[in-house]
1. Among residues belonging to region 23-53 that are among the charged types (D, E, K, R) and modelled with pLDDT of 90 or more, point out the one that is nearest to F7 (Cα to Cα).
2. Any residue at all in region 5-20 that's among the β-branched types (V, I, T), outside any loop (DSSP other than H, G, I, E, B) and either at positive phi or in contact with a Ser or Thr (Cβ under 6 Å, 6 or more places away or on another chain) (or both)?
3. Please work out if T42 is hydroxyl-bearing (S, T, Y) and exposed (fewer than 10 other Cβ atoms within 10 Å of the Cβ).
Amino acid sequence: MTPITTFFRNLESKCCAACGQTMVEQAESYMTECFACQEKATHDAYLYYHTKK
């Protein structure tokens, strides 16, 4: 059985699902998008919601 520290040390870097940039979050994090892409999506959603008529 592989020690847990070896398992996490050998995981590949996480990449953002939107832009492909390498993420620095922990490997076990559930995030799939980097902070910049999350911020852009939030901003776009805000603008869409507040400009609807």
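The values are calculated or read from the model by the stated rules, or taken from the named source; none is laboratory data. As the structure is a prediction and not an experimental result, all values here were calculated from the model. Note that we place each Cβ from the backbone using ideal geometry, even for glycine, and neighbour counts take in every protein chain shown.
1. Step one: of region 23-53, the residues among the charged types (D, E, K, R) are 25, 28, 33, 39-40, 44, 52-53.
Within this subset, residues satisfying the condition of being modelled with pLDDT of 90 or more are 33, 39-40, 44.
Numbers: E33: 23, E39: 31, K40: 33, D44: 38 Å.
Applying the filter and picking the extreme gives E33.
2. The initial filter retains those residues of region 5-20 that are among the β-branched types (V, I, T), namely 5-6.
Then keep just the ones that are outside any loop (DSSP other than H, G, I, E, B); that gives 5-6.
Okay, now just the ones that are also either at positive phi or in contact with a Ser or Thr (Cβ under 6 Å, 6 or more places away or on another chain) (or both), so none.
Looking for residues that are among the β-branched types (V, I, T), outside any loop (DSSP other than H, G, I, E, B) and either at positive phi or in contact with a Ser or Thr (Cβ under 6 Å, 6 or more places away or on another chain) (or both), one finds none in region 5-20, hence no.
3. Working: hydroxyl-bearing (S, T, Y): yes; exposed (fewer than 10 other Cβ atoms within 10 Å of the Cβ): no.
For T42, the condition - hydroxyl-bearing (S, T, Y) and exposed (fewer than 10 other Cβ atoms within 10 Å of the Cβ) - is not met.
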